[in-house]
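Colleague: Got a structure here, written out as structure tokens. Questions coming.
The values are calculated or read from the model by the stated rules, or taken from the named source; none is laboratory data. Keep in mind that what you see is a predicted model, and the values were worked out from it rather than measured. Ideal geometry is used to build each Cβ from the backbone, glycine not excepted, and the neighbour counts take in all protein chains shown. When the accessible area is computed, the model is the full protein with side chains, heavy atoms only, and any ligands, DNA or RNA have been set aside. Shrake-Rupley method; radii C 1.70, N 1.55, O 1.52, S 1.80 Å.
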Amino acid sequence: MSVGIFDSGLGGLTVWDAVTRRLPDLPVSYFGDNANAPYGVRTADDIHGLTRRAVEQMWDEGANLVVLACNTASAAALRRMQEDGVPQGKRVLGVFVPLIEAMTQRNWGDNSPPREVDVKQVALFATPATVASRAFQRELAFRAIGVDVEAQACGGVVDAIEDGDMILAEALVRSHVDALKRKMPKPDAAILGCTHYPLVQDVFQRALGEDVTVFSQADIVAESLADYLSRRPEMVGDGGARMVTTGDPEQVSARATQFLRRPMSFEAA
Ligand code: DGL
């Protein structure tokens with residue numbers, strides 16, 4: 001295997017799906033820590049420990065590059081993992097920066113000073129841990145000025161999606177959008193800051209209204225990964241793709257097949 005994609009559960013499959021469509025010849029593996037999802041209500045230490053264990057397993061199994069297709073892990077664990085040092089030839093990347101670069105109309109790695117951008121009022125929907133970390137606001141402040149961000153911690157949505165209870169997930173999304181709109185009545189853009197949320201993107205869009213631009217990560221991350229690998233081809237190795245879960249492989253395969261509308265087959269991690 002060469003490139004690994006990690007998430008606490010099913011959400012990162014939205015990124016996996018976009019990456020495999022954008023780069024059809026690239027072997028891409030997936031690690032879903034479904035047994036420990038949701039991460040969004042855990043402490044930063046806990047999220048760091050679980051994320052590190054999964055990423056190390058993917059490195060040990062041959063991945064050179066692991067993408068944390070999980071905002072919660074990107075917010076709570078990525079910087080600490082990078083500061084602790086990663087093994088020679090290995091890398092771990094998150095999903096925040098490509099999204100913020102897209103929203104602030106920047107090319108990859110453009111580190112010029114923050115400037116005014118088109119969006120002014122941004123609604124951020126994310127897990128409680130991601131909202132508490134304020135990582136999104138920090139990354140945005142490096143790149144843009146004059147942007148108001150109102151964050152809404154969307155408790156319960158990841159659990160409902162993991163349980164396959166889409167009626168509950170949709171009701172929760174509507175109530176979280178209502179709560180956000182009470183704080184910011186007219187956002188001009190919304191960020192789906194959790195990779196599970198694209199699975200209910202149409203519910204967000206309907207509740208927000210058609211005039212709100214909704215940014216979600218799957219295609220943005222796939223494009224940014226394609227660009228990265230064209231500059232760092234050594235991060236692509238040989239090997240096949242494995243789909244693994246710490247949960248029940250049969251149940252995870254069934255949900256993944258239902259969500260992505262393509263046959264998915266998981267084995268035990
Ligand atoms: N998909 C993860 C994210 O992007 C979900 C986190 C969770 O397990 O709560 O944040």
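Colleague: Do the conditions hold for residue 250, that is, is it at pLDDT 95 or above, among the charged types (D, E, K, R) and crowded, with 17+ Cβ neighbours inside 10 Å? Quick ask: steps written out before the conclusion?
Modeller: Numbers: at pLDDT 95 or above: yes; among the charged types (D, E, K, R): yes; crowded, with 17+ Cβ neighbours inside 10 Å: no.
In short, no.
Colleague: Let me ask something else about it. Might you let me know whether region 195-213 holds any residue that is more than 22 Å from residue 146 (Cβ to Cβ) and among the acidic types (Asp, Glu)?
Modeller: Yes, region 195-213 contains at least one residue that is more than 22 Å from residue 146 (Cβ to Cβ) and among the acidic types (Asp, Glu).
Colleague: Further, regarding this structure: Looking at the structure I just gave you, is residue 187 out of contact with any Phe, Trp or Tyr (no Cβ under 8 Å at 6 or more places or on another chain) and open to solvent by less than 30 Å² (accessible area, probe 1.4 Å)? First the steps, then the outcome.
Modeller: Numbers: out of contact with any Phe, Trp or Tyr (no Cβ under 8 Å at 6 or more places or on another chain): yes; open to solvent by less than 30 Å² (accessible area, probe 1.4 Å): yes.
So residue 187 passes the test.
Colleague: So, one more: Suppose we filter region 1-48 for residues that are of a type in the set (Gly, Ala, Ser), more than 9 Å from the ligand (Cβ to nearest atom) and farther than 15 Å from residue 220 by Cα; how many remain? If you could, list the steps in order and put the result at the bottom.
Modeller: First, the residues of region 1-48 that are of a type in the set (Gly, Ala, Ser): 2, 4, 8-9, 11-12, 18, 29, 32, 35, 37, 40, 44.
Applying the additional criterion that residues be more than 9 Å from the ligand (Cβ to nearest atom) yields 2, 4, 18, 29, 32, 35, 44.
From what's left, farther than 15 Å from residue 220 by Cα: 2, 4, 29, 32, 35, 44.
The number of residues fulfilling the criteria is 6.
Colleague: Go through region 195-211 and report how many residues are open to solvent by less than 10 Å² (accessible area, probe 1.4 Å) and either in contact with a Phe, Trp or Tyr (Cβ under 8 Å, 6 or more places away or on another chain) or not in a helix (DSSP H, G or I) (or both).
Modeller: Total satisfying the criteria: 4.
Per-residue answers, yes or no, for (1) under 13 Å from the mean Cα position of the chain (by Cα); (2) open to solvent by less than 30 Å² (accessible area, probe 1.4 Å):
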| position | (1), (2) |
| --- | --- |
| 15 | yes, yes |
| 49 | no, no |
| 70 | yes, yes |
| 91 | no, no |
| 119 | no, yes |
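Colleague: May I pose another question? For a quick check of your reading of the model, give me the residue pairs whose first member lies in region 129-151 and is closer than 14 Å to residue 192 by Cα and without any contact (Cβ under 8 Å) to a residue 60 or more places away in the chain, whose second is in a helix (DSSP H, G or I) and not hydroxyl-bearing (Ser, Thr, Tyr), with beta-carbon atoms closer than 6 Å and at least 6 apart or on different chains.
Modeller: 149/137; 150/183; 151/131
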